[in-house]
Amino acid sequence: MPTLRELTEYCDARTARAGIVDFPGAVNGLQVENDGNVAKIGAAVDAGLRVFEEAARRGIDFLIVHHGLFWRPQQPVTGTVFRKFKTCFDANLAVYGCHLPLDAHREIGNNAVLARELGLSVLSWELEFNGTAFAAVCRGIPRAELAARLRRLFPETFRAIECGGENPERIAILSGSGNAAVPALASLGCDTLVTGEIKEENFVRAQDENLNLYPCGHYATERAGVCALAAELSEKFSLPWEFVGFPNPL
C-alpha cells in the first residue's frame, strides 16, 4: 500500500505547485493528513461537507480537490468548518488541494484537458497571473462545430452567446471564471472564448465587440484537472479512484 507521503510528493512534483503563485490565502498541497496510508483515491471540484461525507462513505482516504479548504478571510474552526474537519478525521480522509496549478498545467490542467476533449490544437498559452499563463489559445474550427462539441461535453450547462464570426481562427479556453479573459480577447487575436462563467455585462460586450462566448459552467469546466491527476495516480500506484460529484448548474 502506498503511503500518503508518496502520493503527496508525486502530486507536488507533477503539478509543480511550489512554483505557482495562487490567490492570496489559497493553500495548494496537502491540507489535511491521515494516518499515512492510502487505499483509495477520490477527486472532487469543491471541498464541501457533503463531498467529504460522500468520500468517507465510499472509503476514500486521499481526496484531490480543486477548490480547497483555505481562502481569505480565514474562518474559525466552528460550525460547518468544524464538521468538515471532523468528517476527515473520523474517516481517516486526507485532502489535497490544487487550484491554479491545475488550471495552468500543460498536460493535466483543466484548460489543456478541455482542449483535448474538444479536439482543439493549442497554439500558445496566454493571460499571465503572477508570472504563469493560464489560458490556452487554440487553432480555430467552425463555430457550429465548436458549439456541437461543447453541447456533447456539457449537455446540462452549455450556454452560447454567438455574436462573433462563424469561422473563428483562434479559440481561447479558460476554465472557471472567464471574466478576465473577455476584455483581453482582442489582444489574443480571438473572438471566441470557452469558459465556465462570466458576468452579465459581458452579454452586451459580446454584442458590441462581435464575440462568441460559451460559458459552460464553472463547476463543469473544472472537473477535468482533478480527474486527470487522480487517474494518473491510480495508474502509477495501482489504486482505485472515483469522482465525487454533485449536480451543479453553476
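Things to note:
- Restricting attention to region 38-71, the residues being open to solvent by less than 30 Å² (accessible area, probe 1.4 Å) and either touching a strand residue (DSSP E or B) at 6+ places or on another chain (Cβ under 8 Å) or under 22 Å from T3 (Cα atoms) (or both) number 18.
- Given (1) on the phi < 0 side of the Ramachandran plot; (2) surrounded by fewer than 16 Cβ atoms within 10 Å (Cβ to Cβ); (3) in contact with a Phe, Trp or Tyr (Cβ under 7 Å, 6 or more places away or on another chain); (4) not charged (D, E, K, R), index of the condition N111 fails: (2)
- Scanning region 212-246 for residues that are closer than 22 Å to T195 by Cα and assigned to a helix (DSSP H, G or I) yields H218, Y219, A220, T221, A224, G225, V226, C227, A228, L229.
- One residue stands out in region 152-188 among those that are in a loop (DSSP other than H, G, I, E, B) and free of Cβ contacts under 8 Å to residues at least 40 places away in the same chain: the one that is nearest to E201 (Cα to Cα), namely N179.
- For the residues D12, D90, D35, the requirement of being within 22 Å of N110 (Cβ to Cβ), without any contact (Cβ under 8 Å) to a residue 60 or more places away in the chain and open to solvent by 20 Å² or more (accessible area, probe 1.4 Å) singles out D12.
- Residue identified as among the polar types (S, T, N, Q), more than 15 Å from the chain's Cα centre (by Cα), open to solvent by 70 Å² or more (accessible area, probe 1.4 Å) and at negative phi among N179, N167: N167
- Matching residues in region 198-211 - criterion: being within 15 Å of A180 (Cα to Cα) and either assigned to a helix (DSSP H, G or I) or touching a Ser or Thr at 6+ places or on another chain (Cβ under 6 Å) (or both): E201, N202, F203, R205, A206
- Remark: G79 matches the filter, which requires a residue to be without any contact (Cβ under 8 Å) to a residue 12 or more places away in the chain and not hydrophobic (A, V, I, L, M, F, W, C).
The values are calculated or read from the model by the stated rules, or taken from the named source; none is laboratory data. Note that this is a predicted model, so its numbers are computed, not measured. Note: ideal-geometry Cβ built from the backbone for every residue, glycine included; neighbour counts use all protein chains shown. Accessible surface is based on the protein model in full, side chains and every heavy atom, while ligands, DNA and RNA are left aside. Shrake-Rupley method; radii C 1.70, N 1.55, O 1.52, S 1.80 Å.
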